[in-house]
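The values are calculated or read from the model by the stated rules, or taken from the named source; none is laboratory data. Computed from a prediction, not measured in an experiment: that's the story for all the values here. Heads up, the Cβs are rebuilt from the backbone with ideal geometry, glycines too, and the neighbour counts pull from every protein chain shown. Ligands, DNA and RNA are stripped out before the accessible areas are found, and what is left, the full protein with its side chains, is counted by its heavy atoms. Shrake-Rupley method; radii C 1.70, N 1.55, O 1.52, S 1.80 Å.
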Amino acid sequence: MQCRIAAIAVFAACGVVSAEVSFEREVKPVLQKHCAGCHQPGSKASGLDLTTYDGFRAGGKRGTAFNVNAPAESIVIKYMTGELKPSMPLGGTLLPTADVDRIRLWIQEGAKNDSRPEEVSTGPIAYKQPPVITALKFSPDGKTLAVSGNREVLLHNADGSGVTKRLQGKAERILSIAYSPDGSLLLAGGGTPARFGELQFWDPRSGKLLRTAEATNDTVFGASLSPDGKKAAAGAADNSVYVFDTSTAKQLYKVTSHENWVLATVFGVNSKRFVSVGRDRAAKLVDAEAGQFLENVNQMRGELAAVARHPNKDVIVVGGEDRIPYVYMMDRPRNLKVGEELTLIRKLDAQNGPIFALEWSPDGSRIAVAGAASAVNIYDAESGSKVAACSGHTAGIYALSFSPDGQRLATGGFDGKVRFYRTSDCSLEKAMVPVPIEGGAPAGGMR
Ligand code: HEC
């Protein structure tokens, strides 16, 4: 028999050699996905941090979580099998037996720590050069501009005069920032590439991390909050949209109707529906209560990367690869057949490059469009005519936000500078690097 050949490769191929269970490759990802939302440094449920080997070994209020000398007595297993109540993950379904068995076996084999040293340090964040800006947002009271950094969100005075708080979390990248309408909650979505996707729920006033939720083993995109502040949605590279309860960070459901990466989401005015867009070129309308796909909003053209909604009407603008912003009614009137394109209200001008970001002004009168081209174009939302073009960026623009009074527009992108424009004529008020550069000018200082 071939398997008798005494070569390691063949043994392995024949399944004779079974390697020990790896903490890094097998145990940690399970804990990361199902448990870290509640058991992490920012919110250690029952005193237990399951994001690192050390935290796991240290255990929680009830002492050590696993016991190498008496594996059967390990409370982590007892909670995961439901032998100890409440079963873990709390409020969720028990993990597949295979996952629990691997963790049990890992304990039996001596619970060895083969974890890589954390690629992301947990010390103070230092910058040698300005990071690419992937998200920014004015707070609803207009006093603060939240800007993405590496592994943090920086809260700036809205006039760019300085940093007031630094919200430092676990995710290496923050790709979206949203505020609840009353300003009491800040959602930051992102993750660490090829490791985990994360939604962070912050109290922006105290700077406290309230909760986090994890989804998939890659970053999440286009996170948004429902206007009633109750739900958060985010797209992912596994073609799904994940929806969470903001008060518990519990995943409510995921929607799998897309056929490619989902890059942006937006809720309807009454929070009962949302639209997600992505690389499959579709803008999909979903019943946000039931988590049910309803219908495609658009005729599919190019890959979509951005969506924004009118402040008080269920009208959206979508854009992406084919450079044209399309304004659609979110709902198809009952008497309209699929395929008819009467829900398309208007198209705006083709841009000079693919679209990455869209924003509707708070009074509904303007739409700002940005992307690979270095200018942001502002349009009259009713007539579709161009009002102004804001130039100055030297490369792609990934993020836009109107101030609540609609007078100013903040932008950010590849060149690492936040720019503040007057929306009336696109005059540049200020340009600044939003992070402190080691040995450089303080944040908020330079022009
Ligand atoms: C939704 C939040 C949540 C999730 C998700 C969750 N836990 Fe917990 N966990 C808790 C809370 C709350 C307690 C305290 C329960 C109690 O004492 O009544 C707890 C307690 C525990 C304890 C006991 C710690 C001690 O020493 O007191 C263990 C072990 C544990 N969880 C393991 C897990 C594991 C493993 C997972 C993932 C499979 C998980 N938990 C997922 C919230 C959560």
Tyr253 long-range amide H proximity, modeled H, under 5 Å: Val243
Crossing angle, helix 97-108 versus the chain [Cα axis fit, 0-90 degrees, rounded to tens]: 50
Share of alpha-carbon pairs per 10 Å distance bin for the stretch 19-108, given as whole %: 17, 58, 24, 1
Under 19 Å from the Cα of Lys137 - aspartates and glutamates, other chains or at least 8 residues apart: Glu152, Asp159, Glu172, Asp182, Glu198, Asp203, Asp228, Glu359, Asp363, Asp405, Asp415, Glu429
Karplus 3J(HN,Hα) series, Hz, for the stretch 142-155 with 6.51 cos²θ - 1.76 cosθ + 1.60 (x for Gly, Pro): x, 8, 10, 10, 8, 10, 6, x, 7, 6, 6, 10, 9, 9
Global form of the stretch 47-182, assessed from the alpha-carbon gyration tensor, a/c cut-off 1.5: prolate
Approximate spin-label separation Lys85-Lys272, in nm, with each point projected 7 Å along Cα-to-Cβ: 3.8
Hz values of 3J(HN,Hα) by residue in the stretch 130-138 - Karplus curve (6.51, -1.76, 1.60), Gly and Pro given as x: x, x, 4, 8, 10, 7, 7, 7, 6
Mean separation of Cα contacts under 8 Å (6+ apart) over length of the chain, as relative contact order %: 10
Residues of the chain: accessible area per residue with a 1.4 Å probe, Å²: 44
Cut-off under 5 Å, modelled amide H: who pairs with Leu294 long-range: Leu285, Val286, Asp287
The stretch 388-427 shape via C-alpha gyration tensor axes, a/c threshold 1.5: oblate
Calculated SAXS-style log₁₀ I(q)/I(0) at q = 0.12, 0.23 Å⁻¹ - the stretch 258-342, Debye, Cα scatterers: -0.30, -1.16
log₁₀ of I(q)/I(0) at q = 0.17, 0.22, 0.23 Å⁻¹ - the stretch 247-305, Debye sum with one point per alpha carbon: -0.54, -0.85, -0.92
Trypsin sites (Lys or Arg not before Pro) lying in DSSP loop within the stretch 310-418, provided at most 10 other Cβ fall within 10 Å: Arg334, Lys337
log10 of Debye I(q)/I(0), alpha-carbon scatterers only, for the stretch 133-254 at 0.14, 0.16 Å⁻¹: -0.50, -0.66
Simple label model, 7 Å out from Cα along Cβ direction - Arg301 to Arg346, nm: 1.5
Volume of the Cα convex hull of the stretch 370-410, divided per residue and given in Å³: 75
Shape box of the stretch 136-432 [Cα atoms, principal axes, largest first, Å]: 53, 44, 33
Distance (nanometres) between label positions extended 7 Å along Cα→Cβ at Ser391 and Lys61: 6.3
Other-chain or far-sequence residues with amide H under 5 Å of Glu429's (modelled H): Phe420, Tyr421, Arg422
